[in-house]
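Below is one structure, written out as structure tokens, with a few remarks after it.
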Amino acid sequence: MHQTLSPFRRAYDLGARALLYLSAALTCGLLLCLIGYICFRGIPGISWSFLTTAASVLRGTVGIFPAIVNTLYVIVVSLVVALPLGVGAAIYLTEYASNRRLVEIIEFATETLAGIPSIIYALVGNVIFCVSLRLEKTLIAGSLTLVIMVLPTIIRTTQESLKTVPQSYREGSLGLGSGKWHMIRTVVLPSSVDGIVTGCILAVGRIVGESAILMYTVSMSTGMQDFSTIENFMKSSGATLTVALYVYAKENAEFAVAFSIATILLALTVLINLAASLAGKKLKR
Amino acid sequence: MEEPTILKAEGLDLFYGEHQALKSISMDIPEHRITALIGPSGCGKSTFLKTINRMNDLVPGVTIKGKITYHGQDIYGPGLDVTWLRKRIGMVFQKPNPFPMSIYDNVAYGPRTHGVRSRKKLDELVEQSLRSAAIWDEVKDRLKKSALSLSGGQQQRLCIARALAVEPDVLLMDEATSALDPISTSKIEDLSTELKKNYTIVMVTHNMQQAARVADKTAFFLLGELVEFDDTVQMFSKPRDKRTEDYITGRFG
């Protein structure tokens, strides 16, 4: 039985479809314009020396090498601290904690923490790490604040992937006489490693994109930092890519440089997302 | 000829919170025999099976009264090491649950857990276990392949091999064939009959023909009570209890 739609309903249908196409085209168009504009303004300024040297007033050259190094610094230090903490907390919450109510409260808290504006972390990090713990405005203080920011992300994604490990794996392992930790280490963690890696990469994405925290807890110096000794390593303090972008755009009014940094950040984000989906697929097999 | 008792339950009560799932179960399970536990869903047969290797410990809110012993040793006694118990009393689950690793690593998992490191010893154990589980010929050329590539029936025999690799002396089978096709089921039934020479088998089954075919002794559970426990032949020809008769003739359940 085939019935044609009445003209009114056909018009209605067509109208709805046109609206949906329009909103899709508008969103994609905006995004493409944005990316295109950034690349258009940014790419001309990118050169090998731009990426590999520090800015020099004497020679009148611009370089963002320090910002790249500082970004790597905060990524590595934050992850080294946040990963074991976050994964450990997630394992405790899903595998060990027996008080359902407590777990629910903690899960609710981490979910809330994952959603609050980063400037609040920035404020708290400044008060705790820079002032109370006397770390001053250093990359270490910034990294530790970033740890607090990414912990919820890492805990949540790890928990989610631990929960997808079938209960039958756990039973099978315990049924063979494994202790609990042995079971987690040999069966549960290997089957959830893809989720943990995804969480990690998401965390890296948030760290790379973060600016408020780093403005509040690290100095905005665009010069090269000295990491040669442990003491210098602890005291080093300089702008990451996002902060450098702010400095060049707002304080030096060098918009070309800012756009070049923006292009680099865009490329980094794309790379990180690609790595995330690739790692997820690879580890899932 | 009666075999010596290997597992002995005396007045065993089990509660899930307020709900009493087992009511004063007393039964002597003989060594080197296949004992089948039958009864309608929710009658407590699986629960009873899981008390034997303490898999019930994983369920929150379980309390147990009474006594159950293995070779005279109290399974819920204070000095008992659960990992030791589960090494001695292996379990095969309702759904095949191979780990997402290679066939070899699945079988070697148990021995490695219990400290076997020698490559030679592991190779031996893996081959011997796979042979005992009647799956060696099907997998010997692809031991390094993922266990998840096997069919359901093969996976279940792999799980039996995995359980045998820790050299237990009791094997608990929790509806081990209910998720399998008839051919795989009959393979596992034949296998059970073979295995009872060296192992004691306790199996839960929904399939009464299966109990009649393979079990030496059968226990009928109803609403948490052990209604009848007897030689299988006896129970299926001349049940002593009216409720057993109703169940095995298909009047309920």
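The values are calculated or read from the model by the stated rules, or taken from the named source; none is laboratory data. Quantities reported herein were computed from a predicted structural model and do not represent experimental measurements. Note that each Cβ is placed from the backbone with ideal geometry, even for glycine, and that neighbours are counted across all protein chains shown. Keep in mind that these areas ignore ligands, DNA and RNA; they rest on the heavy atoms of the full protein, side chains included. Shrake-Rupley method; radii C 1.70, N 1.55, O 1.52, S 1.80 Å.
Hull volume per residue, based on the alpha-carbon atoms of region A:32-89 and their convex hull, is 122 Å³. Could you give the distance between the Cα centres of region A:192-220 and region B:128-163, to the whole Å? What the calculation gives is 44 Å, centre to centre. Other protein chain C-beta atoms within 10 Å of residue C-beta, averaged over B:228-239: 0. Sorting the segments B:7-15, B:64-72, A:192-200 by their mean number of nearby beta carbons within 10 angstrom, highest to lowest, gives A:192-200, B:7-15, B:64-72. Partner lysines whose Cα lies under 25 Å from the Cα of A:LYS250, excluding those fewer than 8 positions away in the same chain, are identified as A:LYS137.
Where the centre of each part is set by its Cα atoms, how far does region A:34-110 sit from region A:254-269, in angstrom? So the two Cα centres are separated by 16 Å.
Taking every DSSP beta bridge that has both residues in region B:147-243, what percent is antiparallel when rounded to the nearest 5?
Working: 6 of 11 bridges.
Close to 55 percent.
Each Cα pair under 8 Å and six or more residues apart adds its sequence gap; the mean of these over the residue count of chain A is a relative contact order of 25 percent. Here's how it looks for B:GLU228: its modeled amide H is under 5 Å from those of B:PHE220, which are all 5 or more places away or on a different chain. Build a GNM of chain B with springs between Cα atoms under 10 Å apart, and of B:ASP105, B:ASP174, B:ASP81 the one that fluctuates most is B:ASP81. Pairs of Cα atoms nearer than 8 Å and 6+ residues apart set the relative contact order; for region B:70-214 it is 32 percent.
Among A:THR269, A:THR229, A:THR112, the residue with the largest mean-square fluctuation in a Gaussian network model of chain A, with springs joining Cα atoms closer than 10 Å, is A:THR229. Summed over both chains, the contact between A and B buries some 1400 Å² of accessible surface at a probe radius of 1.4 Å.
Which order do the peptides A:141-148, A:125-132 take when ranked by the mean count of other beta-carbon atoms within 10 Å per residue, highest first? It would help to have the intermediate numbers written out before the result.
Working: A:141-148: 26.4, A:125-132: 17.9.
Sorting A:141-148, A:125-132 by mean packing, highest first, produces A:141-148, A:125-132.
Look at where the Cα atoms of region A:131-174 and of region B:57-108 average out, and the two centres are 32 Å apart.
Springs join every pair of Cα atoms under 10 Å in this Gaussian network model of chain A, and among A:SER260, A:SER161, A:SER56 the largest mean-square fluctuation is at A:SER56. The mean number of Cβ atoms from other chains found within 10 Å of a Cβ in peptide A:176-186 is 5, as a whole number. Computed from backbone phi, the HN-Hα couplings of region B:242-249 come to 4, 5, 4, 4, 4, 5, 6, 8 Hz, rounded to whole numbers (Karplus: 6.51 cos²θ - 1.76 cosθ + 1.60, θ = phi - 60°; Gly and Pro given as x).
What pairs from B:LYS8/B:LYS50; B:LYS50/B:LYS187; B:LYS23/B:LYS65; B:LYS23/B:LYS45; B:LYS140/B:LYS196 go past 18 Å between their alpha carbons? Violating the 18 Å Cα-Cα cut-off are B:LYS50/B:LYS187; B:LYS140/B:LYS196. Quick one: work out the % antiparallel among DSSP beta bridges in chain B, nearest 5. Percentage antiparallel, nearest 5: 60.
Normalised by the empirical 2.2 N^0.38 Å for globular proteins, what value does the Cα Rg of region A:48-284 take?
Values: Rg = 20.4 Å, N = 237, 2.2 N^0.38 = 17.6 Å.
Relative to the rule-of-thumb radius for its length, region A:48-284 sits at 1.16.
Separation of the alpha carbons by more than 31 angstrom is noted, of A:LYS163/B:LYS120; A:LYS163/B:LYS217; A:LYS281/B:LYS121; B:LYS67/B:LYS242; A:LYS235/A:LYS281, for A:LYS163/B:LYS120; A:LYS163/B:LYS217; A:LYS281/B:LYS121; A:LYS235/A:LYS281.
Peptide B:160-167 has a mean shielding of 1, counted as Cβ atoms of other protein chains within 10 Å of each residue's Cβ.
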